[in-house]
Amino acid sequence: MKDRRQPHRSGRSASERHRRSQLAQVITQQGFIRGTLSERHVTCGKPNCRCREGQKHRCLVLTLTRNRRTHQLYVPPAWEDTVRQWVENAWQIDQQLEALSDLHWEKVRKRET
């Protein structure tokens, strides 16, 4: 039986192994996109549509910034759940990277390898 006080063969702590595992699962098994979803209410332009009376159409827009430029993309209703999950996955990836960065910061601070 392995002594729990012995370091793992990878030399990584249990916390670091766990974070890396979660990160790898999201990256390799699911889609992700770094962006922001916003719900808008718009008029369609048809002269007799209800949106002219104030009952505007709901639409979802995905916004992201690349090379200091903002891009917006309409998300069709059929894609809404998938895109929401991809945005959530990107948020989880960012959280895991932040936690790993914090672990490594502490290693440097304590002069550990």
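What follows is calculated from the coordinates using simple rules that are stated; it is not laboratory data. Only a predicted model underlies this, so the values are computations on that prediction, with no experimental measurement involved. Note that we place each Cβ from the backbone using ideal geometry, even for glycine, and neighbour counts take in every protein chain shown.
Test ARG19 against the criterion of being in contact with a Cys (Cβ under 6 Å, 6 or more places away or on another chain) and among the basic types (Lys, Arg), and give yes or no.
no
Being acidic (Asp, Glu) and under 24 Å from ARG12 (Cβ atoms) is true for just one of GLU39, GLU106. Which residue is that?
On the way: GLU39 fails: under 24 Å from ARG12 (Cβ atoms).
It is GLU106.
For the stretch 31-111, which fully contained strands (runs of 3 or more DSSP E) count at least 1 residues that are of a type in the set (Asp, Glu) and surrounded by fewer than 12 Cβ atoms within 10 Å (Cβ to Cβ)? Lay out the reasoning, then the answer.
Details: elements: 36-42, 57-66, 69-75.
Once the strands (runs of 3 or more DSSP E) in the stretch 31-111 are filtered for at least 1 residues that are of a type in the set (Asp, Glu) and surrounded by fewer than 12 Cβ atoms within 10 Å (Cβ to Cβ), what remains is 36-42.
Could you list all residues from the stretch 18-30 that are in a helix (DSSP H, G or I) and either polar (S, T, N, Q) or closer than 17 Å to GLN72 by Cα (or both)?
SER21, GLN22, GLN25, THR28, GLN29
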